[in-house]
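The values are calculated or read from the model by the stated rules, or taken from the named source; none is laboratory data. Remember, it's a predicted structure, so these values are computed and weren't measured experimentally. Because the Cβ atoms are built from the backbone with ideal geometry, glycine has one as well, and the counts that use them run over all protein chains shown.
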Amino acid sequence: MRYFGKLLLIIAAGTLHAAEVDHVLVKKSERQLLLMSGTEVVKSYPISLGEQPVGHKQREGDEKTPEGQYVLDWRNPDSRFYKSIRISYPNDADELRARRNNQSPGGDIFIHGLPNGLSRLARAFKGRNWTDGCIAVNNNDHMEEIWQLVKDGTKITIRP
């Protein structure tokens, strides 16, 4: 597989075709982030989650990664991590649930790479849930691919 701009070229069984990433799927229990073109998985990456990975984010500070339907709506090339793409958490249901419990739902949930300056320690992050609720790709080359292939406005589904 090779990517050019926003298209991913897939070589399978001797054929070559272009696939545009139109959806991101995160499977928390499998610790996988999948780039999708329709129903086809075009690329898969291992990930780390919040330090409390089981269950849907309920409130600010619970260190859980949200579950549900969101949009990747903004990117930050100057993040304190190697690039970051914002997930539109909280949605209306998240806001309502938190308000009913007299709590803040939190926010600032991103897909991002490793903390800046620590890429040489990538092995230390692998297999660990170390974020405050974000989805971390523990290889900055992987984050670079995601950055190139996923455009703002792409839908993301985060499953348990």
Notebook entry, point to check: Are any residues in region 44-71 crowded, with 20+ Cβ neighbours inside 10 Å, within 14 Å of the chain's Cα centre (by Cα) and not aromatic (F, W, Y), and if so, which ones?
Noted result: I47, S48, L49, G50, K64, T65, P66
Next item on the list: Scan region 114-126 and give yes if some residue there is closer than 25 Å to V21 by Cβ and either modelled with pLDDT of 95 or more or buried (at least 19 other Cβ atoms within 10 Å of the Cβ) (or both), otherwise no.
Entry: yes
Item checked: Selection count where residues are assigned to a helix (DSSP H, G or I) and in contact with a strand residue (DSSP E or B) (Cβ under 6 Å, 6 or more places away or on another chain), scope region 109-124 -> 0
Margin query: List pairs: first residue in region 33-52 and in contact (Cβ under 8 Å) with a residue 40 or more places away in the chain, second residue among the polar types (S, T, N, Q) and surrounded by 15 or more Cβ atoms within 10 Å (Cβ to Cβ) anywhere in the structure, Cβ distance under 6 angstrom, at least six positions apart or on different chains.
Written below: S48/N129; S48/N138; L49/T65; L49/N129; G50/T65; G50/T131; E51/N129
Next item on the list: Any chance you could count how many residues in region 79-105 are within 17 Å of the chain's Cα centre (by Cα) and free of Cβ contacts under 8 Å to residues at least 60 places away in the same chain?
Entry: 9
Next item on the list: Pull up region 148-160, narrow it to residues that are crowded, with 20+ Cβ neighbours inside 10 Å and out of contact with any helix residue (DSSP H, G or I) (no Cβ under 7 Å at 6 or more places or on another chain), then point me to the one that is nearest to D94 (Cα to Cα).
Entry: I156
Item checked: Residue, modelled with the highest pLDDT, within region 140-156, restricted to residues that are among the aliphatic types (A, V, I, L, M) and not in a helix (DSSP H, G or I) -> I156
Next item on the list: Can you work out which of the residues in region 72-109 that are among the aliphatic types (A, V, I, L, M) and surrounded by 16 or more Cβ atoms within 10 Å (Cβ to Cβ) is nearest to I146 (Cα to Cα)?
Entry: I85
Next item on the list: Could you tell me which of the residues G133, G106 is closer than 17 Å to T157 by Cα and either in a helix (DSSP H, G or I) or in contact with a Gly (Cβ under 8 Å, 6 or more places away or on another chain) (or both)?
Entry: G133
Note to self: List pairs: first residue in region 124-153 and at negative phi, second residue part of a helix (DSSP H, G or I) anywhere in the structure, Cβ distance under 6 angstrom, at least six positions apart or on different chains.
What the structure shows: V137/M143; N138/A122; N138/F125; N140/S119
Next item on the list: Give region 59-103 a look and list any residue that's of a type in the set (S, T, N, Q), assigned to a loop (DSSP other than H, G, I, E, B), over 13 Å from C134 (Cα atoms) and in contact with a Lys or Arg (Cβ under 8 Å, 6 or more places away or on another chain), or say none.
Entry: N101, Q103
Next item on the list: Filter region 32-43 down to residues that are in contact with a Leu (Cβ under 8 Å, 6 or more places away or on another chain) and either buried (at least 17 other Cβ atoms within 10 Å of the Cβ) or of a type in the set (G, A, S) (or both), then give me how many there are.
Entry: 7
